[in-house]
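K.L.:
Have a look at this one.
The values are calculated or read from the model by the stated rules, or taken from the named source; none is laboratory data. Note that the structure is predicted; figures quoted are calculated from it, not measured. Using ideal geometry, Cβ is built from the backbone for each residue, glycine included, and neighbour counts are taken over all protein chains shown.
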Amino acid sequence: MSISDLRRFKAEIFKALANPQRIAVLDSLRSGELTVGEMAAILGVEQAALSQQLSILRAKSIVKYRKQGNFVHYSAADPTIFAILDAAADLFQNHVIDLQGLVAGPQADPAKN
């Protein structure tokens, strides 16, 4: 695998994650496998809309599924995806802290007083 292959792979993962509904789907799967109906109830969305998002995540091998009778159960294909989401949450938190510092102004920094 070349560097450019790796970069393309990363870009495809981030494209798949570039939708708040798909991130919500993944967050709902943190505790384990869920059926489409269970996810729809948790997320408060229609099953048709959820299925559309799941198909995108499935196409990128971010989620996997298994059929059991009339039910389709989904789970994360690789739990490393949660580390990516957690890193994004950390970046967000750092950004919020930076913004709070800008709003508070320089007098809020005790090291400068």
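K.L.:
Check whether at least one residue in segment 54-71 is surrounded by fewer than 11 Cβ atoms within 10 Å (Cβ to Cβ), at negative phi and touching a His at 6+ places or on another chain (Cβ under 6 Å), and report yes or no.
P.N.:
yes
K.L.:
Considering only residues that are part of a loop (DSSP other than H, G, I, E, B) and among the aliphatic types (A, V, I, L, M), look in segment 1-44 and name the one that is farthest from I56 (Cα to Cα). Let's see the steps before the verdict.
P.N.:
Going residue by residue through segment 1-44, those that are part of a loop (DSSP other than H, G, I, E, B) are 1-2, 17-19, 29-33, 44.
Adding the requirement that they be among the aliphatic types (A, V, I, L, M) leaves 1, 17-18, 29.
Details: M1: 24, L17: 10, A18: 11, L29: 15 Å.
Among residues in segment 1-44 that are part of a loop (DSSP other than H, G, I, E, B) and among the aliphatic types (A, V, I, L, M), the one farthest from I56 (Cα to Cα) is M1.
K.L.:
Please name all residue pairs, on different chains or six or more residues apart, with Cβ atoms under 6 Å, provided the first residue is in segment 23-37 and is within 17 Å of Q52 (Cβ to Cβ) and the second residue is surrounded by 13 or more Cβ atoms within 10 Å (Cβ to Cβ) and among the β-branched types (V, I, T).
P.N.:
Short answer, once both residue conditions are applied: S28/I42; V36/V72.
K.L.:
Considering only residues that are over 16 Å from the mean Cα position of the chain (by Cα) and of a type in the set (D, E, K, R), which ones fall in segment 33-53?
P.N.:
E38, E46
K.L.:
A further question on this structure: Looking only at segment 34-54, decide whether some residue is modelled with pLDDT of 95 or more, small (G, A, S) and within 20 Å of I84 (Cβ to Cβ).
P.N.:
No, the conditions are met nowhere in segment 34-54.
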